[in-house]
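Student: Once you've had a glance at the structure underneath, I'll fire off some questions.
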Amino acid sequence: MLKNFRTIFTPQELSDREAQATFRVLNAVLVVTLLGVSAALVTVFALSATFNARIMVSAMTVLLLISFILLRRRILSPARIMAPLSLYVTITFLMAPGIGMHDISIIAYGGIVILASLTLGKRGALIFAALSAAAILIVGVAELTGALVTAATFLTMPGDPILISIVILALAYMQVILINQLNLNVEEARKHGKAQVEANLELTELKNAVEARAAEFEHTSKLNARRAAQFKSIAQIAHSMTGL
């Protein structure tokens, strides 16, 4: 287990295309996320935000910064997980003590699913969609049973948690379909590229064969010409001898 843990934090060589593509996507995602979180950090400290909000946004900023540093050191695995996980934990802790199901931060769950699909693929999208749906259902049930009372609890209807959870899961499903389609397109492009390479190789082999035959023909022609000259010389000598 310790060996596997060390492997996770071992810098990876970006030698293949997949690793390079993963690095570029993570780098772009983390840069954009860090800019957004930095703006949120300035906002919560400039405005009269709650202490919990300041702590959570600060913690999220630190986690994303750590993820970015690990990424720049070519340690991809922790960065892939920490980016959506830090956002998920932060949004969940902001929603629950806020105004629950009607907190505007609940919209960010959709962004978390999209982020997870970019960093972890379709499995990550499904996992974080399930986690988001679970958090929404728990908060919704807590409001409906009176375990969580907020300023907007009276607005929460029994179908709200289920409806929002279905929307989140549907978004994850669409992300999975999109990823599958992109993978199919990439696979088709690879097949066409491979076929083109094979066709180019066959043309090169044909060209080499033609050039070899041409060189052989030229050599044979020169040899025949030399023999013809020799026969002509012999014929001339024989003619001269018989003329004597």
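Student: Using 1/(1 + (r/R0)^6) with R0 = 22 angstrom and r between the beta carbons of residue 81 and residue 52, what's the FRET efficiency to the nearest 0.05?
Tutor: 0.35
Student: Leaving ligands, DNA and RNA out of it, report the carbon-plus-sulfur percent of the accessible area of the range 34-88 at a 1.4 Å probe.
Tutor: On the range 34-88, the fraction of accessible area on carbon and sulfur atoms equals 73 percent.
Student: If a paramagnetic tag sat 7 Å from the Cα of residue 167 along the Cα-Cβ line, which residues of the range 124-145 would have the backbone N under 20 Å from that point?
Tutor: 125-144
Student: With the other protein chains left in place, how much accessible area per residue, in square angstrom, belongs to the chain at a 1.4 angstrom probe? Walk me through the numbers on the way to the answer.
Tutor: Numbers: 16030 Å² over 244 residues.
For the chain, the solvent-accessible area averages 66 Å² per residue.
Student: When the Debye formula is applied to the Cα atoms of the range 112-244, each taken as the same point scatterer, what base-10 log of I(q)/I(0) results at q = 0.16, 0.17 Å⁻¹?
Tutor: -0.93, -0.97
Student: Okay, moving on. Just the Cα atoms of the chain: what Rg and Dmax do they give in Å?
Tutor: For the chain, the Cα-based Rg and Dmax read 35.1, 136 Å.
Student: With a point put 7 Å past each Cα toward its Cβ, work out how far residue 45 is from residue 202 in nm, to one decimal.
Tutor: A separation of 6.5 nm, rounded to one decimal place.
Student: Between 37, 197, 186, which gets the highest mean-square fluctuation from a Gaussian network model of the chain, Cα cutoff 10 Å?
Tutor: Between 37, 197, 186, it is 197 that shows the largest mean-square fluctuation.
Student: Still on this structure, I have one more. Work out the charge dipole of the range 90-226 with +1 on the Cβ of Lys and Arg and -1 on the Cβ of Asp and Glu about the Cα centre, then indicate which of 162, 217, 118 is farthest towards its positive end.
Tutor: Checking the options against the dipole of the range 90-226, the answer is 217.
Student: I would also like to ask the following. Return the distance in nm (one decimal) between the two label points of a simple spin-label model at residue 28 and residue 89, each offset 7 Å from Cα along Cα→Cβ.
Tutor: The answer from the label model is 2.8 nm.
Student: Please report, to one decimal in angstroms, the Kirkwood hydrodynamic radius of the range 69-159 built from all distinct Cα-Cα pairs. Show your work: numbers first, answer last.
Tutor: Working: mean 1/r = 0.0717 Å⁻¹.
Kirkwood hydrodynamic radius for the range 69-159: 14.0 Å.
Student: With r as the distance between the Cβ atoms of residue 123 and residue 186 and R0 = 22 Å, compute the FRET efficiency 1/(1 + (r/R0)^6) and round to 0.05. Don't skip to the end; give the middle numbers.
Tutor: On the way: r = 17 Å, r/R0 = 0.79.
So the FRET efficiency works out to roughly 0.80.
The values are calculated or read from the model by the stated rules, or taken from the named source; none is laboratory data. What you are looking at is a predicted structure, and each value in this text was computed from that prediction instead of being measured. All Cβ positions, even for glycine, are placed from backbone atoms using ideal geometry, and neighbour counts span all protein chains on display. Only protein heavy atoms, including side chains, enter the accessible area calculation; ligands, DNA and RNA are left aside. Shrake-Rupley method; radii C 1.70, N 1.55, O 1.52, S 1.80 Å.
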